[in-house]
Amino acid sequence: MQAANHAVMPLLGGAGERGATDRYLDIDQETFRTHFNRKPFLFRHHLCDHPLFRLSNLAELARTLPPGIVEYNAGNIPISLPDQENTPYTGLSAEETVRRIEECGSWMVLKRAEADPECLDVLNRCLDEIEPLSEPIEPGMCEREAAIFVTSPGSVTPYHMDKEINFLLQIRGSKTISVFSASDREVVSEVELEKHFTGAAVKRNMVFHQRYQERATVFELKAGYGIHIPTTDPHWIKNGDGVSVSFSNGFKTSASLRRGMIYNLNGRIRKLGLRPADYGKGALRDTMKLQVLRAINRAEQWLNIQPAEG
């Protein structure tokens with residue numbers, strides 16, 4: 001699905017050889033400087049042969065991780081699936097889903113996969129390479145999170161957005177990713193962002209309208225390459241003809257946390273029937289909102305820990 005005025009970003013060739021520096025990521029520093037947490041961009045990585053991502057090891061990981069951080073369902077689903085309660089399932093276990101991923105028509109994510117020590121090591125090595133580049137732009141990297149996606153040929157990840165700043169590495173297979181700008185009010189409104197950060201939108205999926213697609217930047221992602229997706233940039237994904245394995249390196253910064261807090265307060269204000277000023281309309285106003293939200297949070301915490309009177 002591609003509209004004529006999309007910016008389609010093709011990738012040619014496969015993964016490169018590991019360099020003498022033994023780095024996991026190859027990121028152009030100038031592209032990083034101009035695009036980080038503003039626009040998506042492509043880069044290369046050297047993790048395709050890492051044993052962590054072999055299907056046999058991922059099946060074992062799916063079996064041993066706590067069930068609450070393993071999410072899986074049928075992969076033949078629409079782009080727009082805001083009601084996740086109606087997501088179809090295959091009836092297979094998490095372990096069996098991975099073992100039969102080529103033919104079972106499934107989509108799986110091992111969330112918070114950094115609970116596994118080997119995965120935590122890979123996550124930290126990747127983000128330790130990114131941190132020196134991100135700190136001069138947005139300091140305070142924190143809340144590092146890993147996720148591993150294992151998906152059948154042709155599977156769809158519905159239209160959604162994430163709070164994390166993401167560097168997604170394609171380990172096996174290929175996929176087409178349509179990314180939309182979080183600042184494009186034609187595709188994502190201030191109210192949607194407020195709901196995302198207040199928890200009013202409990203599920204991450206969003207309503208997708210076909211007219212949005214002409215506003216996407218479309219990336220063809222192959223094994224050995226990665227894509228940077230800024231925080232809350234909506235996106236949807238269509239797998240290629242083979243099994244796909246992807247590794248998500250997610251984190252937040254001091255600035256992204258502040259942004260989320262302001263959207264959280266704006267959402268609370270809107271629930272009172274008021275119309276808050278949009279995020280980013282004034283630095284002083286946003287700073288005052290942060291102070292108000294911190295005071296509210298302290299008051300709520302204080303009230304929650306007080307013994308009942310009587």
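Annotations
- The label point for V191 and the one for A115, both projected 7 Å from the Cα toward the Cβ, are 3.6 nm apart.
- For L290 and S174, a Förster radius of 35 Å and the Cβ-Cβ distance give a FRET efficiency of 0.25, rounded to the nearest 0.05.
- Put simply, the amide H of R172, placed in the peptide plane, has neighbours under 5 Å in V245, leaving out anything fewer than 5 places away on its chain.
- Peptides 181-191, 221-231, 249-259, ordered by how many other C-beta atoms sit within 10 Å of their residues on average, highest first, read 221-231, 249-259, 181-191.
- Alpha-carbon centroid distance for the pair the stretch 120-183 / the stretch 43-75, whole angstrom: 15
- Mean sequence separation of contacting Cα pairs (under 8 Å, at least six apart), scaled by the length of the stretch 159-310, corresponds to a relative contact order of 37 percent.
- For peptides 262-271, 207-216, sequence by mean Cβ density within 10 Å, most packed first: 262-271, 207-216
- In order along the stretch 222-235, the phi-based Karplus estimate (6.51 cos²θ - 1.76 cosθ + 1.60, θ = phi - 60°) of 3J(HN,Hα) comes to 10, 4, x, 10, x, 9, 8, 10, x, 4, 6, 5, x, 7 Hz; Gly and Pro are listed as x.
Coordinate-derived values only; no laboratory data. Given the structure is predicted, the values throughout are model-derived calculations rather than measurements. Here the Cβ is made from the backbone with ideal geometry for all residues, glycine too, and neighbour counts use every protein chain on show.
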